[in-house]
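Novice: The structure's right below; bear with me while I get my questions together.
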Amino acid sequence: MRYLAGAPLRRGLWVSKGSGVVDSCHFNPHFWSRHPAGLSEPKGQPPGEQPVWNYQEQHLDAFVIGHCEKELQVHNFVFAALHGIQLVDDHGALCGTLINPGADACATSLSIDAADGAELINTELTLFGNGTRLTCDVTEKFSGKVSMFNSLSWGIAGPTAVFSGKGDVLVQQWNSVQGPMQANAGRVRLENLNFQNAMNQNVGTSAALDRLDLIGNTGEGMFTFGSGPHVVARVNSLPWGQSAGGRFRSGFEKDSPQPNHADDTETVAKVEGRYCRIEKNAGRDNGAALVIAGEDKAPKPSYIYYRVFDANIPIANNSFMRYWIKPSNELSRHSGVDLYFTDGTTLRDSSARDLAGNPLHPAVARGIAGAWTKIESPIGQWLAGKVIRLIVVAYDGGEDTGSFRTAFDDIEIGVPDFSKPIKLQAAPDGSGLKAPLTVKLAADGKCDIRYTLDGAMPSSSSSLYTNAIVLDKADLYEIRCIGVDESKHLVAPVESFLFDVHQ
């Protein structure tokens, strides 16, 4: 079948119980509205293609493929459908190849219930229009095996793909200009994917997964993913950013940058008697400090976020944020510094954490009542490439009510001084990469080495290297490590070492 075209309303093309070739078929509402001159549209149908488009998004199953053992489909495309491309179980599933399939403006662009070794090559999927739900849905019914090579998805914000069911999914070279993927179940392998939009997590995970392999993927800033005992991550992108990050520091003394806003709130709820001001002799060394105070009048949500500094600070891969905080009582511990970025996101809603592993949301209790505590985070590991437009201090209370008062001092954002960086090295013990393999880490300067073996970014709370690491079975291993000094400041950038170990 070649060159079939039109604007079907309920079902476009069903192929099952046989094998053949479907080539260059095109379903689009403009085939309805762009009819020959003098031919009127069906009686009662409003003119133009938009009503047809809307109807198709609610009702049309465009390309449905069932039990085909040697099917080949090439250059087929649909614009506007409930389901653009569906692989279904019709007493058997597709064992064949789809080359250059496309589905635009569909509620679900690609839906896979079953496959028997099906391959999709050069797939193009987009999200826009009304009723949009999902770009790619490997459903809970899914069983069998499907592979997708060199896919592209773009359009309005939305999830790129959800993987469920009990089968095997291989995805290689998917370029997404959308949202994250979610791996819920089955065996999923994602290789060489690129996520162009910044997000807190590129691939989410579920405890029901049999296995998730993440190999060589990249993300905006860095590639991030959920954890779990069945998640295997190797050589995914390290954080990257602009070649030079910005720098900012204020101790609130007269020779330091002064707030651009005076007692100016960004958001507030259920807090009275509030103020934000610089107070003399309130700082760490009896100098100046920024103090926020007020009366929390109700259980959460109760909060107040103060604009403090306008900013234009790019974040590089090795950027850090540090500040000192002194909460006056337990309630005041629900305070912190927040950052607003030019892309509309915030630090508090990111996945960034401090050196102790705590989230940076001001609602998270931090510090010790009545004492100064330093809060520090290598924010570039999560936020490289973003630009800070506003520095905010906040109180974000919990269930308790009462008075709060918190002092902030020496807020600093920048990149470490790597004018003399410490270099980390790894060396196999012996000439062959055979199990068991003993790997030794070393630094050409004085520092502690912290490392991970699960593909996650190391931090000052990661495993401390004290003895050689033994890789005791055949597998692909990645050791990521950083160097930190006695104060847990980063002194050696992230290094990644890959070992393909054989029996």
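The values are calculated or read from the model by the stated rules, or taken from the named source; none is laboratory data. Everything numeric in this text was worked out from a predicted model, so none of it was measured. Reconstructed Cβ throughout: ideal geometry from the backbone, glycine too, with neighbour counts over all protein chains shown. For accessibility, only protein heavy atoms count, side chains too; no ligands or nucleic acids. Shrake-Rupley method; radii C 1.70, N 1.55, O 1.52, S 1.80 Å.
Novice: Cα centroids of segment 270-331 and segment 209-239: how far apart, whole angstrom?
Specialist: Centre-to-centre (Cα) distance: 35 Å.
Novice: Shape verdict for segment 271-403, please, from the Cα gyration tensor: rounded (a/c under 1.5), prolate (a/b greater than b/c) or oblate.
Specialist: prolate
Novice: Looking at the chain, I'd like the Rg to Rh ratio, where Rg is from alpha-carbon atoms and Rh is Kirkwood's inverse mean 1/r.
Specialist: Rounded to two decimals, Rg over Rh is 1.07.
Novice: Post the alpha-carbon centroid distance, segment 3-36 to segment 392-407, in whole angstrom.
Specialist: Cα centroid of segment 3-36 versus Cα centroid of segment 392-407: 61 Å apart.
Novice: Moving on. So what is the relative contact order of segment 261-417, in percent, for Cα pairs below 8 Å that sit 6 or more residues apart?
Specialist: 35 percent
Novice: So, for the chain, what is the accessible surface per residue at a probe of 1.4 Å, expressed in square angstrom?
Specialist: Result: 44 Å² per residue.
Novice: Counting only protein heavy atoms and a 1.4 Å probe, tell me what percentage of the chain's accessible area is made up of carbon and sulfur.
Specialist: On the way: 10850 of 21990 Å².
Carbon-and-sulfur percentage of accessible area, whole number: 49.
Novice: Relative contact order for the chain: what percent, with Cα pairs under 8 Å and sequence separation of 6 or more?
Specialist: Across the chain, relative contact order equals 9 percent.
Novice: Now for a different question. Helix 50-59 sits at what angle to the longest principal axis of the chain, using alpha carbons and giving 0 to 90 degrees rounded to 10?
Specialist: For 50-59 against the chain, the angle is about 90 degrees.
Novice: Further, regarding this structure: Mind ranking 336-342, 404-410 by how tightly packed they are, going by the mean number of other C-beta atoms within 10 angstrom, highest first?
Specialist: Highest mean packing first, the order is 404-410, 336-342.
Novice: Ok, one more. Report the charge-dipole magnitude of the chain in Debye, nearest 20, computed about the Cα centre from +1 at each Lys and Arg Cβ and -1 at each Asp and Glu Cβ.
Specialist: Charge dipole, the chain, about its Cα centre: 260 debye, nearest 20.
Novice: Determine the dipole magnitude for segment 141-298: charges of +1 sit on the beta-carbon of Lys and Arg, -1 on that of Asp and Glu, nothing else is charged, the reference point is the Cα centre, and the result goes in debye to the nearest 20.
Specialist: With Lys and Arg at +1 and Asp and Glu at -1, about 560 debye.
Novice: Cross-link partners among aspartates and glutamates for Lys166, C-alpha distance below 12 Å, same-chain residues fewer than 8 apart left out?
Specialist: List returned: Asp113, Glu140, Asp210.
Novice: What percent does the relative contact order of segment 301-374 come to when contacts are Cα pairs within less than 8 Å and at least six residues apart? Can you show the working numbers first?
Specialist: Values: 84 pairs, mean separation 27.5, N = 74.
Worked out over segment 301-374, it gives 37 percent.
Novice: Let me ask something else about it. Note down the net charge around Trp14, summing +1 for each Lys or Arg and -1 for each Asp or Glu among other residues with Cβ under 13 Å from its Cβ. Write out the running numbers ahead of the final one.
Specialist: On the way: positive: Arg10, Arg11, Lys17; negative: Asp61, Glu71, Asp90.
Counting the neighbours of Trp14, the net charge comes to 0.
Novice: Now, a different point. Provide the packing ranking of 182-192, 148-158, i.e. peptides ordered by the mean count of other C-beta atoms within 10 Å per residue, highest first.
Specialist: Values: 182-192: 20.6, 148-158: 17.2.
Top of the packing list down: 182-192, 148-158.
Novice: Follow-up. Along the charge dipole of the chain, pointing to its positive end and built from +1/-1 on Cβ of Lys, Arg, Asp and Glu, which listed residue (Leu125, Cys447, Gln178) has its Cα farthest out?
Specialist: Cys447
Novice: Around Met199, what is the net charge, scoring Lys/Arg as +1 and Asp/Glu as -1 over all other residues with Cβ under 13 Å from its Cβ?
Specialist: Working: positive: Lys386; negative: Glu220, Asp343, Asp349.
Once positives and negatives cancel, what remains is -2.
Novice: When the convex hull of the C-alpha atoms of segment 445-502 is computed, what volume per residue in Å³ does it have?
Specialist: Output value, Cα hull per residue: 83 Å³.
Novice: So which GluC sites (Glu not before Pro) in segment 448-503 are both in a DSSP loop and have at most 14 other Cβ atoms within 10 Å of their Cβ?
Specialist: Here the sparse-neighbourhood loop sites are Glu486.
Novice: For Lys297, list the aspartates and glutamates whose Cα falls under 17 Å from its own Cα; do not include residues on the same chain fewer than 8 positions away.
Specialist: By straight Cα distance, Lys297 reaches Glu272, Glu330, Asp396, Glu399, Asp400.
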